[in-house]
Amino acid sequence: MPGSPANRFRIKSPTRLVAEAGADLEGHGLKRHMGLFHLVCFGVGAIVGTGIFVGLSESVAQAGPAVVVSFVLAAITCVFTAFAFAELGGAIPVSGSSYSFAYAGLGEGTAFLVGWCLLLEYGISVSAVAVGWSQYVNELLHSLTGWTLPAALSAGPGDGGVINLPAVIVIALASVLLVRGVRESAGATAAMAVLKLAILVAFCVIGYSAFKDGNLTPFSPAGLGGIGAGTTAAFFSYIGFDAITTAGEEAKNPRRDIPVAILVCIGVVTLLYCAVALAAIGAIGGPEVGGRPAALSYVVNQVTGSTIGGGVIAFGAVVAIASVVLAVMYGQTRILMSMSRDGLIPRVFERISPKTSTPVAGTLIVALVFAIPAAFASLDSVVNLCTIGTLAIMAVVNIAVMALRRREPGLARTFRVPLYPVMPLLGVAFCLYLIYQTGWTTWVQFVVFLAVGSLVYVLYGRRHSRLAAGLRTTRTDEVTPDATAVETPAV
């Protein structure tokens with residue numbers, strides 16, 4: 001059907017995506033080790049980290065005590081899109097996450113740009129998270145020994161140092177654990193998730209013991225504008241929940257467990273963030289929290305009059321942020337593996353080790369590439385660009401849900417977005433609002449980033465697409481690609 005929309009946009013059917021996920025192109029496949037508990041812990045591990053331990057102070061500086069409203073608004077934005085991810089993650093349980101969802105709903109060109117933006121959400125956020133980890137390593141060292149790493153070795157040039165060595169170390173450690181295998185990574189992520197939740201609960205107990213109502217006034221010193229800016233800053237704290245869908249090929253029961261894990265994670269994290277923010281501000285006041293590095297440790301030190309409690313919080317932050325690096329790097333390697341399977345990026349990223357059942361080469365490349373900005377960049381320089389890239393992806397996923405409802409009405413869906421199509425439309429609207437809040441400088445940077453991605457797709461991805469060339473095969477005789485999956489060769 002040369003004139004069909006599928007031919008023009010190179011749309012790949014969900015049936016074909018799922019079948020190809022089971023194809024054994026290198027002779028070895030991923031193993032299904034992750035149950036619901038591990039998926040929830042994986043999601044919490046990907047979300048709770050730099051955003052609350054480091055980014056809270058920036059959000060408070062923008063919104064004051066009304067940061068609680070900012071967290072709720074950011075959560076609402078995520079919830080609308082979480083419904084979309086839950087529907088698509090259950091219907092298309094593959095490692096490609098939003099990249100694969102865009103391929104099925106909107107076509108190859110859009111899918112490539114989504115994958116390109118995922119370099120911001122997963123890749124750049126690894127660097128940002130690693131920089132935040134370095135701050136709490138110094139705080140922990142100071143509480144234990146009284147000394148800290150010299151600035152030259154604990155910060156990049158933009159922050160008055162030479163190289164951020166701790167940031168490089170945490171990326172290297174995460175890559176080693178990921179290379180060893182999914183079972184080991186999942187176990188470590190679960191342990192770290194439980195530990196950091198316990199640390200944050202303990203922080204709340206300490207913070208509320210010194211709570212003073214007067215510290216919450218004025219509630220919104222900067223008005224609605226401050227709440228909006230605080231919402232954009234707070235949104236970074238939620239980045240990573242969609243990483244759960246990258247475990248589609250390593251979950252034991254992905255169609256059932258992925259939707260549940262996504263929604264549970266968003267609910268738990270939102271309650272936790274609001275509780276922590278209120279505890280911090282109620283204990284010492286918004287002006288003391290806003291703009292302060294390692295703010296949670298500072299709050300505990302002020303309340304207890306000792307550095308011991310702050311040291312415990314710093315230890316929790318070190319563990320929490322390390323788990324984010326681990327979970328986000330996992331998601332990044334699985335996205336690149338899916339893009340590589342489709343021929344849109346070099347094949348090295350799809351190779352699975354027969355010994356560990358993990359993409360070893362892809363993991364090491366990702367670690368090397370993103371250790372560079374972690375070593376030399378500041379946290380502030382990448383947060384807004386990471387945020388706008390994530391928001392763009394979330395808007396596309398909401399649109400993909402609507403496109404697939406029209407094109408694939410009979411697709412087996414273990415979860416359906418409620419109040420369709422109101423929910424996905426609201427998801428797009430909230431994403432656009434937060435994109436607007438990032439400011440024109442970030443818009444320009446993002447447009448340039450997309451232009452470079454489009455060029456890469458035209459010069460490499462489109463020419464090497466296996467969908468267009470008809471090179472993909474599956475191991476399943478029962479599945480025959482339909483007309484929407486048979487594309488004409490690229491020209």
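This table checks each residue for (1) in a helix (DSSP H, G or I); (2) of a type outside the set (D, E, K, R); (3) without any contact (Cβ under 8 Å) to a residue 40 or more places away in the chain; (4) touching a strand residue (DSSP E or B) at 6+ places or on another chain (Cβ under 6 Å).
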position: 292; (1), (2), (3), (4): no, no, no, no
position: 323; (1), (2), (3), (4): yes, yes, no, no
position: 328; (1), (2), (3), (4): yes, yes, no, no
position: 343; (1), (2), (3), (4): no, yes, no, no
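In this structure, does residue 211 turn out to be under 20 Å from residue 281 (Cα atoms) and surrounded by fewer than 18 Cβ atoms within 10 Å (Cβ to Cβ)?
Spelling it out, residue 211 is indeed under 20 Å from residue 281 (Cα atoms) and surrounded by fewer than 18 Cβ atoms within 10 Å (Cβ to Cβ).
Report whether or not residue 227 is under 30 Å from residue 92 (Cα atoms), buried (at least 19 other Cβ atoms within 10 Å of the Cβ) and aliphatic (A, V, I, L, M).
Numbers: under 30 Å from residue 92 (Cα atoms): no; buried (at least 19 other Cβ atoms within 10 Å of the Cβ): yes; aliphatic (A, V, I, L, M): yes.
So residue 227 fails the test.
Considering each of 455, 434, 425, 411 in turn, give the residue that is surrounded by 14 or more Cβ atoms within 10 Å (Cβ to Cβ) and modelled with pLDDT of 95 or more.
Values: 455 fails: surrounded by 14 or more Cβ atoms within 10 Å (Cβ to Cβ); 434 fails: modelled with pLDDT of 95 or more; 411 fails: modelled with pLDDT of 95 or more.
Just one listed residue meets the conditions, 425.
For the structure I just gave you, tell me whether residue 387 is over 30 Å from residue 435 (Cβ atoms), out of contact with any strand residue (DSSP E or B) (no Cβ under 7 Å at 6 or more places or on another chain) and touching a residue at least 24 places away in the same chain (Cβ under 8 Å).
No, not satisfied.
I'm checking my understanding of the structure. Among residues of the range 33-56 that are assigned to a helix (DSSP H, G or I) and surrounded by fewer than 24 Cβ atoms within 10 Å (Cβ to Cβ), which one is nearest to the chain's Cα centre (by Cα)? Break it down into steps so the answer makes sense when it comes.
Start the filter on the range 33-56 by keeping residues that are assigned to a helix (DSSP H, G or I), which leaves 36-47, 50-53, 56.
So of that shortlist, the ones also surrounded by fewer than 24 Cβ atoms within 10 Å (Cβ to Cβ) come out as 36-37, 40.
Working: 36: 19, 37: 19, 40: 14 Å.
This residue is 40.
For (1) under 21 Å from residue 105 (Cβ atoms); (2) at pLDDT below 95; (3) part of a helix (DSSP H, G or I); (4) of a type in the set (A, V, I, L, M), each residue gets a yes or a no:
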position	(1), (2), (3), (4)
442	no, yes, yes, no
445	no, yes, yes, no
451	no, no, yes, yes
468	yes, yes, yes, yes
478	no, yes, no, no
481	yes, yes, no, no
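Just one of 87, 139, 121 is touching a residue at least 24 places away in the same chain (Cβ under 8 Å) and touching a Lys or Arg at 6+ places or on another chain (Cβ under 7 Å); which is it?
87
Would you say residue 416 is under 24 Å from residue 13 (Cβ atoms) and not in a loop (DSSP other than H, G, I, E, B)?
The answer is no for residue 416.
The values are calculated or read from the model by the stated rules, or taken from the named source; none is laboratory data. It should be emphasised that the depicted structure is a prediction, and the values quoted were computed from it without experimental measurement. In this analysis, Cβ positions are derived from the backbone assuming ideal geometry, glycine residues included, and neighbour counts consider all displayed protein chains.
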